[in-house]
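Every number in this text was worked out from the coordinates using simple rules, so none of it is lab data. Source: prediction; values computed, not measured. Don't worry about glycine lacking a Cβ; one is built from the backbone with ideal geometry, like all the others, and counts go over all protein chains shown.
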């Protein structure tokens with residue numbers, strides 16, 4: 001039976017490269033010369049911490065990070081920006097990169113596929129959604145419908161089996 005998986009994955013190697021490029025850009029930019037501003041990546045938790053002396057510099061750093069992630073193929077809609085924490089010495093902001101399809105999003109996609117009357121079945125399997133159908137054309141219609149759906153993270157399609 002033909003099937004595919006709808007997943008939301010981040011390439012940790014590309015994420016590391018994007019953060020390294022952003023740190024390199026900080027050292028070369030004139031407005032960040034001589035100040036202690038850095039991006040710190042926690043690969044296990046998929047978080048990036050921004051540190052700068054002032055809060056307005058965090059906004060500039062966020063633009064740099066978003067730009068570098070975009071050039072590396074990581075979409076900006078997977079970023080979950082936390083509120084900045086400021087004290088007299090420095091400002092910090094955490095950015096969580098969301099990956100995997102959570103239960104609410106999976107149920108939303110599953111309901112959308114069911115309501116569309118396309119002859120496919122969707123099953124939630126952990127952090128991905130398995131869609132099966134009898135015909136390849138039905139699966140391609142389901143893919144087009146899922147692409148149009150407004151979800152808070154980028155989606156990819158894996159394991160297309162005919």
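Summary table
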{"read-out": "Choice from 48, 85, 131 showing the highest fluctuation, given a GNM over the chain with Cα pairs closer than 10 Å", "value": "85"}
{"read-out": "Between 0 and 90°, nearest 10: helix 55-71 axis offset from the chain longest Cα axis", "value": "40"}
{"read-out": "Selected from 35, 118, 101 as most flexible by GNM, with the chain as the system and alpha-carbon contacts under 10 Å", "value": "35"}
{"read-out": "Between 0 and 90°, nearest 10: helix 103-115 axis offset from the chain longest Cα axis", "value": "40"}
{"read-out": "12 Å reach of a label modelled at residue 75, 7 Å along Cα-to-Cβ, counting backbone N of segment 136-162", "value": "146-157"}
{"read-out": "Using alpha-carbon coordinates, inclination of helix 12-28 to the longest axis of the chain, degrees", "value": "30"}
{"read-out": "Relative contact order for the chain, counting Cα pairs under 8 Å that sit 6 or more residues apart, in percent", "value": "34"}
{"read-out": "Projected label distance in nm at residue 110 and residue 130, using a 7 Å step from Cα toward the beta-carbon", "value": "1.3"}
{"read-out": "Extension gain from residue 14 to residue 87, taking 0.36 nm per residue of separation minus the Cα-Cα distance", "value": "23.1 nm"}
{"read-out": "Sites residue 30 and residue 162, calculated FRET efficiency, Cβ-Cβ separation with R0 41 Å, nearest 0.05", "value": "0.15"}
{"read-out": "Alpha-carbon gyration tensor eigenvalues x 5, square-rooted, for segment 12-97, Å", "value": "20, 15, 11"}
{"read-out": "Segment 12-97, relative contact order [Cα under 8 Å, separation at least 6], %", "value": "31"}
